Structure formats: C-alpha cells, structure tokens
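Derivation of every value follows stated rules applied to the coordinates shown; laboratory data play no part. What you are looking at is a predicted structure, and each value in this text was computed from that prediction instead of being measured. Heads up, the Cβs are rebuilt from the backbone with ideal geometry, glycines too, and the neighbour counts pull from every protein chain shown.
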Amino acid sequence: MADFAARVSQGHIGRARYLANNESVRNTRTTIMALPLTLKGISSAFAAAQTLVDLATEQANQASDERNEKEINDLSLAYGKGATGRGMASGASKAIKELEKEQKTRSTRMVRDGLDAALLDIATFYRDVMMVQAGSSDALINKELENEINAYAANNKPATTINKINAIMAARTNLGHNAAPLLTIEALMCVLAR
C-alpha cells in the first residue's frame, strides 16, 4: 500500500497519506484511471466527462456539508439564536447569507480542485503510455495498469499521446480561469477519445 500511495501521489506526502488511509479515495482514483480506457467515441467521452464531474462534485459535497452546517450553527449561536430574550441580533440574517455565499464559492473551488487532481491522475496514464512508447517501461507511475498501458501504447502514436497530455494541461488551465467545468471536461474527453 505504501509503495502504491507513494508512486501515485508523486512525492506529495499529504496525498500519499490520504490515499493510503482512505479506501473510498482509492476506489475513486481507480474509477478515474479507468476512464481513458473507456473512451471509444463521442458518447463514451460525454459519459466519462459526466462521471468525472459527478465524482468531483460528490467529493466536494462530502467534504463541505458537515463543515457548512457547523459554520452556520456557530454563526447563528454567535448572533444569539436559541438565547432567551429578543432572539437573534440584528444583522444575523445578512451575516448568514454572506456565509452561505462564501460556502458556495468554496464548494465551487473544491469541485474545480477535485477535477484538477483527477486530470493530473489521468495525465499520469498518458505519461506512462509515453514512457512505454519511448522504450522505458520500468518507471511507470500506474504499475497496476501496466498491461492496459502497454496495449494502449502499442495501438497509438507518440504524437497522439503528446497531444492528449497537452489537451489535459489546457483543460486544467481553462478550469483555473473559471471555465464551466462540465463543458471543459466534455471538450477534453472528446479530444482524448480520438
């Protein structure tokens, strides 16, 4: 497990620990890493894009739901919710609305960060393909996919692999510039499906 976590996290200690200690994160990564192998045409590209966005959204929601509720409850208590007397102090509803807006922004950022991490994982698949195409298969990041990587490398040209890696990096840049996540990932998956 430690070898796997160290390899796929590419030296990021926090991510390695997170992968090693969380089975659902490993399962999500397995789903993500299978996506390039499912890309056979436009319909599979759109399905893969939806899967990727759904996974990122689900992870963001899991990470934020409990925290958001606690923040709202804490803020409400700070403004006097549940206290005897007049009730909540003036300005409470405005403060709660501002907090909810901040939470929504944070949730959107978490989805984008999740997509970015997933795209980096997918990029490692194509990096491994490129390594095999260059004749250096001993340094694979995704050793658990070695057979699939070898087959993919044999059936595709190195220039195609490089174009796919470039498309992934362009999609990451677009996400960083607040492009619509689903449209960005759909466009990317259509490129990867070629």
Provide the FRET efficiency to the nearest 0.05 for the K81-T30 pair, computing r from the beta carbons and using R0 = 45 Å.
0.55
List E148, E98 from most exposed to least, where exposure is judged by having the fewest other Cβ atoms within 10 Å.
E98, E148
Ranking request for peptides 59-72, 119-132: highest mean number of other beta-carbon atoms within 10 Å first, then the rest in descending order.
119-132, 59-72
For E146 and D65 in one chain, what is 0.36 nm times their gap in residues minus the Cα-Cα distance, to one decimal in nm?
25.4 nm
Net charge of neighbours whose Cβ lies under 12 Å from the Cβ of A47, counting Lys and Arg as +1 and Asp and Glu as -1
-1
Given (1) 0.98; (2) 1.29; (3) 1.06, the label whose value is Cα Rg over 2.2 N^0.38 Å derived from this model:
(2)
Fully extended, how many nm does the chain gain between S93 and S44 (0.36 nm per residue separation, minus their Cα-Cα distance)?
13.1 nm
Mean residue ellipticity (222 nm) of the chain, computed from DSSP H runs ≥ 4 via -39,500 (n - 2.57), nearest 500:
-27000 deg cm²/dmol
XL table K70/K94; K40/K104; K70/K101; Cα-Cα > 27 Å flagged, in table order, is K40/K104
